[in-house]
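Read through the structure below, which is laid out as structure tokens, and then see the notes.
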Amino acid sequence: MINTVAYENDQVIVLNQNLLPDKIVYESYTSVEEVAEAIRTLKVRGAPLIGVTAAFGLALGAARYSGRAEEFTEYYSAIRSQLASTRPTAVNLFWALQRMDRVYQNNAHRELAELKELLLNEARCMFEEDIQTNQLIGQHGAQLLQESSRVLTICNAGALATCGYGTALGVIRSAYQQEKIAKVWACETRPVLQGARLTVWELMQDQIPVALITDNMAGYIMKLGKVDAVIVGADRIAANGDTANKIGTYSLAVLAHHHGIPFYVAAPQSTIDYSIASGQDIPIEERDPEEVRSVRGVYLTVKEAEVFNPAFDVTDNRLITGIITEKGVVFPPYEKSLRERN
Ligand code: MRU
């Protein structure tokens with residue numbers, strides 16, 4: 001099993017995913033700044049993992065606080081803002097911080113040492129729950145697939161994007177154990193190449209058959225009849241089922257719809273933002289233009305080229321065949337089916 005994040009001896013330890021698949025390097029952080037920077041620079045990425053890492057970051061900041069008890073509230077809100085400002089789209093970040101807030105608010109009257117312990121316990125609970133949640137997503141999702149399925153995915157919604165097992169790749173893992181997977185098509189996922197660097201590596205570690213394609217090959221492969229289902233993760237699902245996920249997901253959904261191929265979203269309940277009516281209200285992160293101009297430091301274009309670099313897009317609910325969570329699979333109309341699962 002791949003370990004993506006851990007908390008030991010008042011340090012947050014993360015696998016630096018920017019170095020994969022060439023090097024497996026774990027980094028240890030002793031400050032909230034370092035944890036926030038790791039999230040911002042994609043050393044740690046994927047919605048559920050961002051949430052749990054931020055929770056560990058908050059616990060770390062609390063554990064290392066040596067100031068006056070009366071000033072802890074101000075300090076807590078400063079470190080919380082630091083973590084909350086790292087990435088805007090994945091709602092799991094805010095969900096995890098809100099869980100930490102509740103523990104803080106319910107225990108603010110306690111001794112600081114006890115409060116620090118409770119905050120760390122909450123982060124540890126989220127870590128454990130995430131793995132169990134993904135295994136359930138895997139079990140529910142695998143039931144949707146037939147024997148010898150060829151599944152297409154984008155980005156990395158695997159063990160690397162979570163505390164273990166994965167969401168979209170969790171479904172693929174469970175289905176593979178049931179001998180239902182003939183092949184996984186991994187879209188490379190420009191500009192940051194999470195598909196090429198992470199998904200291919202992760203699936204090969206488990207000997208799950210995977211073939212890498214560039215993003216613009218998906219339509220042709222569907223037309224050739226070589227895709228039985230598309231399964232993707234999510235960064236935020238609105239109350240009506242509209243889903244934000246890695247840039248390129250929307251194009252795949254349109255293509256799948258055109259070719260009559262089922263398109264599934266796999267995500268924990270914590271990715272559903274019931275406070276947002278539709279995808280129009282989901283904030284979409286725009287990242288550094290350098291990510292598009294260059295790949296791993298090598299320029300592909302003119303250095304001054306104008307660039308637009310949205311990290312995510314939104315897939316309309318009508319293009320989604322089913323949403324798989326730990327509670328089961330829901331189908332359209334999502335406003336109703338998601339509300340019933342809340
Ligand atoms: O920019 P990233 O790598 O954090 O984007 C990740 C994705 O889009 C994943 O599909 C999503 O977070 C789900 S991870 C289980």
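The values are calculated or read from the model by the stated rules, or taken from the named source; none is laboratory data. These numbers were taken from a predicted model, which means no experiment stands behind them. Every residue, glycine as well, gets a Cβ built from its backbone with ideal geometry; the counts of neighbours run over all protein chains shown. Note: areas computed on protein heavy atoms with side chains; ligands, DNA, RNA excluded. Shrake-Rupley method; radii C 1.70, N 1.55, O 1.52, S 1.80 Å.
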Response to the item:
The Cα extents of segment 191-342 along the principal axes, largest first and rounded to whole Å, are 50, 34, 31
Response to the item:
In segment 5-135 the accessible area split gives carbon plus sulfur, as whole percent at 1.4 Å, a share of 47
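Antiparallel DSSP bridges in the chain: what percent, to the nearest 5? Before the final figure, lay out each step's value.
Numbers: 20 of 39 bridges.
Roughly 50 percent of the DSSP beta bridges within the chain come out antiparallel.
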Fill in: More than 16 angstrom apart: percent of Cα pairs within segment 5-135
59
Item to complete: Could you please state, rounded to a whole Å, how far the C-alpha centre of segment 1-66 is from the C-alpha centre of segment 270-306?
Response: 21
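Just need the Rg to Rh number for segment 169-250, please, alpha carbons only, Kirkwood Rh. Can you show the working numbers first?
Working: Rg = 13.2 Å, Rh = 13.7 Å.
Radius of gyration relative to Kirkwood radius: 0.96.
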Worksheet item: Which angle from 0 to 90°, rounded to the nearest 10, does the C-alpha axis of helix 91-107 make with the longest principal axis of the chain?
Response: 30
Worksheet item: If the viscosity is 1.002 mPa s and the temperature 20 °C, what translational diffusion coefficient in µm²/s does Stokes-Einstein give for the chain when Rh comes from Kirkwood over Cα pairs?
Response: 105
Worksheet item: In a shell of Cβ-Cβ distance under 15 Å around Ser148, excluding Ser148 itself, what net charge do Lys and Arg (+1) and Asp and Glu (-1) give?
Response: +1
Worksheet item: For segment 52-110, what percent of Cα pairs sit more than 13 Å apart?
Response: 60
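On average over all directions, what projected area in square nanometres does segment 1-77 have, based on the convex hull of its Cα atoms?
On the way: hull surface 21.8 nm².
It is 5.5 nm².
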Response to the item:
Rounded to the nearest 10, the angle in degrees between the Cα long axis of helix 72-84 and the longest principal axis of the Cα atoms of the chain comes to 20
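For the chain, report the accessible area per residue in Å² (1.4 Å probe, heavy atoms, rounded to an integer). Please report the intermediate quantities before stating the final value.
Values: 14660 Å² over 342 residues.
Per residue, the chain has an accessible area of 43 Å².
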Worksheet item: Using the Cβ atoms and a cut-off under 9 Å, what net charge is assigned to the surroundings of Leu136, where Lys and Arg are +1 and Asp and Glu are -1?
Response: 0
